[in-house]
Amino acid sequence: MSSMHQPASTAEVLSQYGIDPILHAIDFEDVALTREGARLVHLGAKAVMRQYMPAADCDSLTASQAVALFVDKLFWEEHSGGLIMCTDMADKSVCLPIPRRHWGLKDTGVLSQ
């Protein structure tokens with residue numbers, strides 16, 4: 001990403017204290033990112049493109065294209081409430097942790113009992 005310091009992933013922090021992350025699959029259609037959450041995904045997507053797709057023009061990547069890169073596999077981490085967005089590259093999956101304060105569930109307007 002940029003020259004700013006990147007924090008350790010939630011899973012790494014939890015495992016350091018003997019807490020195994022508990023992941024729950026979640027559908028991308030149920031997720032709403034905050035403006036900052038979308039910015040984090042945009043920065044992460046550009047970094048992934050630089051590493052795995054060096055011929056691609058990552059500077060012209062739009063925020064919606066960046067989010068689309070990471071909608072295949074989403075997980076909610078039970079302990080932190082964070083979101084983990086993943087994409088498959090040629091030889092591995094690359095995942096972005098999104099802190100709880102930068103995402104939420106969409107309001108569907110449907111009452112559930």
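The values are calculated or read from the model by the stated rules, or taken from the named source; none is laboratory data. Because the structure is a prediction, the values reported are computed rather than measured. When we count neighbours, we look across all protein chains shown, and the Cβ atoms used for this are built from the backbone with ideal geometry, even at glycine. Surface areas here come from the heavy atoms of the whole protein model, side chains and all, with no ligands, DNA or RNA. Shrake-Rupley method; radii C 1.70, N 1.55, O 1.52, S 1.80 Å.
Within the same chain, lysines fewer than 8 places from Lys106 are excluded, and of the rest, those with a Cα less than 18 Å from its Cα are Lys73. The convex hull built on the alpha-carbon positions of segment 19-70 has an orientation-averaged projected area of 4.9 nm². Ile22 sits among other residues whose Cβ lies under 12 Å from its own Cβ, and their net charge, with Lys and Arg +1 and Asp and Glu -1, is -3.
Apolar share of the accessible surface for segment 13-103: 54 percent from carbon plus sulfur atoms, 1.4 Å probe. Summing charges over all other residues whose Cβ lies under 12 Å from the Cβ of Leu74, with Lys and Arg as +1 and Asp and Glu as -1, gives -4.
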